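Enquirer: This structure is in structure tokens; I'll ask about it shortly.
The values are calculated or read from the model by the stated rules, or taken from the named source; none is laboratory data. If you're wondering where the values come from, they're calculated on a predicted model, not measured in any experiment. Virtual Cβ from ideal backbone geometry, glycine too; neighbours counted across all protein chains shown. Surface accessibility is based on the protein's heavy atoms, side chains included, excluding ligands, DNA and RNA. Shrake-Rupley method; radii C 1.70, N 1.55, O 1.52, S 1.80 Å.
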Amino acid sequence: MSALRDEDPRVHAIKTKIRVVPNFPKPGIMFQDITTLLLDPKAFKDTIDLFVERYKGKNISVVAGIEARGFIFGPPIALAIGAKFVPLRKPRKLPGDVIFEEYTLEYGRDRLEMHVGAVEHGDRALVVDDLIATGGTLCAAMSLLERVGAEVVECACLIELPDLQGRERLNGKPLYVLVESH
Amino acid sequence: MFASENGLKGDPRLKAISEAIRVVPHFPKPGIMFQDITTLLLDHKAFKHTVDIFVDRYRDMDISVVAGVEARGFMFGPSIALAIGAKFVPLRKPRKLPGEVISEAYELEYGTDCLEMHVGAVQPGERALVIDDLIATGGTLSAAISLLERVGAEVVECGCVIGLPEVKGQCRLNGKPLYILVEPREMDNCC
């Protein structure tokens, strides 16, 4: 669920650092660009700190990040909470044996892969991405983790687009986001 | 150029990092011994050592930008940037960045590609680091250096976890210093 994030002064600054780019990747889409947040060291650090404060001491053993923007936020969180980091990747990028899950995007269809052996039965996992839209990618990520016997403790994103109802798609799995964009 | 020749000789962290890297033969094509860093990311201690070594080296060098090459540079660059108080700039494959970009074409070890950076992300006079997981021919890193120099930044160094034999003996890439943690792993058992 959303925490008392609206009361945390850091969250307002984070929201102002996200740039909206109209009509990308196609007309009608208001793209939430987090690269401008990464240009502000304090705001970027606050972003990571907010997640670390929430998950430290919760026995999370895996942080799974979704390619590619999940790779920017996931590893710093993993390092700070003592968890391993597992990249969930587009097809044919991971070199070893993989399992895959297909999903539909907000704009298209794709497949997510994870290395066999990266996550073990009983691992407690977080899924991290920059944004949740329809929830399709996050559902695929959760599937991969649950198929190998991990427990998905929560999905964590910077941004939620509530109008696309991704939260409802997560099948009761908790979702924590820092900002909403309507 | 290699960390072991540059003040970290005998540092046990380098051995731990090297041993955490997995070799996958014949990926993405026959003959290539792929250096897989995902197993390093599964080893929290070794992953932390990797970041710490770069952070210790760069924290007092007045670096204001860490540029990471998509996608594996994204796994190391941001943690370094956060620890040294620098901004992080993703250098991406074509058509991924939503805003106005500048592009640089380059040759890969296996193919050709193009790297893009957002206009306005880096200012003239900024001191920059380029981070990637591995340097092979240096083509990608050269493109990264070009992008940064084209907007007037000074590339202080390129930092990579692994350096392939092509770069052995070279301390510089396009005149920029290279800093590499480990050499590639060999296959331990022949299969």
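Enquirer: Of all residues being within 11 Å of chain B (Cβ to nearest Cβ) and assigned to a strand (DSSP E or B) in the range A:89-111, which is surrounded by the most Cβ atoms within 10 Å (Cβ to Cβ)? Just the residue, please.
Expert: By that ranking, first place goes to A:ARG89.
Enquirer: Mind listing whichever residues of the range B:49-66 are more than 17 Å from B:LYS15 (Cβ to Cβ), β-branched (Val, Ile, Thr) and in contact with a Lys or Arg (Cβ under 9 Å, 6 or more places away or on another chain)?
Expert: B:ILE63, B:VAL65, B:VAL66
Enquirer: List pairs: first residue in the range A:40-63 and under 22 Å from A:HIS12 (Cβ atoms), second residue modelled with pLDDT of 95 or more and exposed (fewer than 15 other Cβ atoms within 10 Å of the Cβ) anywhere in the structure, Cβ distance under 7 angstrom, at least six positions apart or on different chains.
Expert: From the range A:40-63, the pairs are A:PRO41/B:GLY85.
Enquirer: Taking the range B:61-78 as the search range and keeping residues that are more than 13 Å from the chain's Cα centre (by Cα) and within 18 Å of A:LEU37 (Cβ to Cβ), which one is surrounded by the most Cβ atoms within 10 Å (Cβ to Cβ)?
Expert: B:VAL65
Enquirer: If B:THR140 satisfies all but one of (1) under 25 Å from A:PHE73 (Cα atoms); (2) open to solvent by less than 40 Å² (accessible area, probe 1.4 Å); (3) at pLDDT 95 or above; (4) among the polar types (S, T, N, Q), what's the number of the condition it fails?
Expert: Against the list (1) under 25 Å from A:PHE73 (Cα atoms); (2) open to solvent by less than 40 Å² (accessible area, probe 1.4 Å); (3) at pLDDT 95 or above; (4) among the polar types (S, T, N, Q), B:THR140 comes up short only on (3).
Enquirer: Looking at (1) more than 8 Å from chain A (Cβ to nearest Cβ); (2) surrounded by fewer than 23 Cβ atoms within 10 Å (Cβ to Cβ); (3) touching a Ser or Thr at 6+ places or on another chain (Cβ under 9 Å); (4) over 21 Å from B:GLY138 (Cα atoms), which is the one condition that is false for B:PRO98?
Expert: Only one criterion is unmet by B:PRO98, namely (1).
Enquirer: Looking at the range B:36-60, which of its residues are more than 7 Å from chain A (Cβ to nearest Cβ) and open to solvent by less than 10 Å² (accessible area, probe 1.4 Å)?
Expert: The answer is B:ILE37, B:LEU40, B:ALA46, B:THR50, B:ILE53, B:PHE54, B:VAL55, B:TYR58.
Enquirer: Now, a different point. Which condition from (1) over 20 Å from A:LEU88 (Cα atoms); (2) not in a helix (DSSP H, G or I) is the one that A:CYS155 breaks?
Expert: A:CYS155 satisfies every listed condition except (1).
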